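Take a look at the structure set out below.
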Amino acid sequence: TSNRITITSDKGCLSEEEIERMVWEAEMYKAEDGAAAARIQSKNDLESYAYDLRNSIEKLEIAVNETIGWLDGSQEASKEEYDGQKQELRVAVNAIMQKLSG
């Protein structure tokens, strides 16, 4: 869609030159506004991605620390228990990474 700006001189208050200058300025500001909007969108995208990364790192850290805590208290666990804990950690990590890349 194209928004058009119409400036008219009802009582002869504005000269044709003044009207042309006002239209030109409006178009110039429109381009500046578009550039500013694009810049702000890029900033917001980066900020969102950075916060998502930070939250993912925190979740990863929690999952890893829980596994290490389990290991510290399970020195005599069975092979199946170790394998089960490894699988649980993989599932947690994969879920976090998929959410981040999705």
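Here are the numbers for the structure shown:
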{"read-out": "Cβ charges +1 (Lys, Arg) and -1 (Asp, Glu), total dipole of the chain, debye", "value": "160 debye"}
{"read-out": "Approximate spin-label separation CYS13-LYS79, in nm, with each point projected 7 Å along Cα-to-Cβ", "value": "9.1 nm"}
{"read-out": "Counted charge near ALA37, where neighbours are those whose Cβ lies closer than 14 Å (Asp, Glu -1; Lys, Arg +1)", "value": "0"}
{"read-out": "Within the chain, helix-based [θ] at 222 nm, where runs of 4 or more DSSP H residues each add -39,500 (n - 2.57), nearest 500", "value": "-29000 deg cm²/dmol"}
{"read-out": "Surface per residue (accessible, 1.4 Å probe) for segment 34-80, Å²", "value": "80 Å²"}
{"read-out": "Lysine pairs in the chain with Cα atoms under 29 Å, if 8 or more residues apart or on separate chains", "value": "8"}
{"read-out": "Apportionment of accessible area to carbon and sulfur, the chain, percent (1.4 Å)", "value": "54 percent"}
{"read-out": "C-alpha long axis of helix 16-72 to longest principal axis of the chain, angle in °", "value": "10 degrees"}
{"read-out": "Net charge of neighbours whose Cβ lies under 12 Å from the Cβ of ASN65, counting Lys and Arg as +1 and Asp and Glu as -1", "value": "-3"}
{"read-out": "The chain, Cα convex hull volume normalised per residue, Å³", "value": "107 Å³"}
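The values are calculated or read from the model by the stated rules, or taken from the named source; none is laboratory data. Worth saying up front: this structure is predicted, and the values here are computed from it rather than measured. Because the Cβ atoms are built from the backbone with ideal geometry, glycine has one as well, and the counts that use them run over all protein chains shown. Heavy atoms of the whole protein, side chains included, go into the accessibility calculation; ligands, DNA and RNA do not. Shrake-Rupley method; radii C 1.70, N 1.55, O 1.52, S 1.80 Å.
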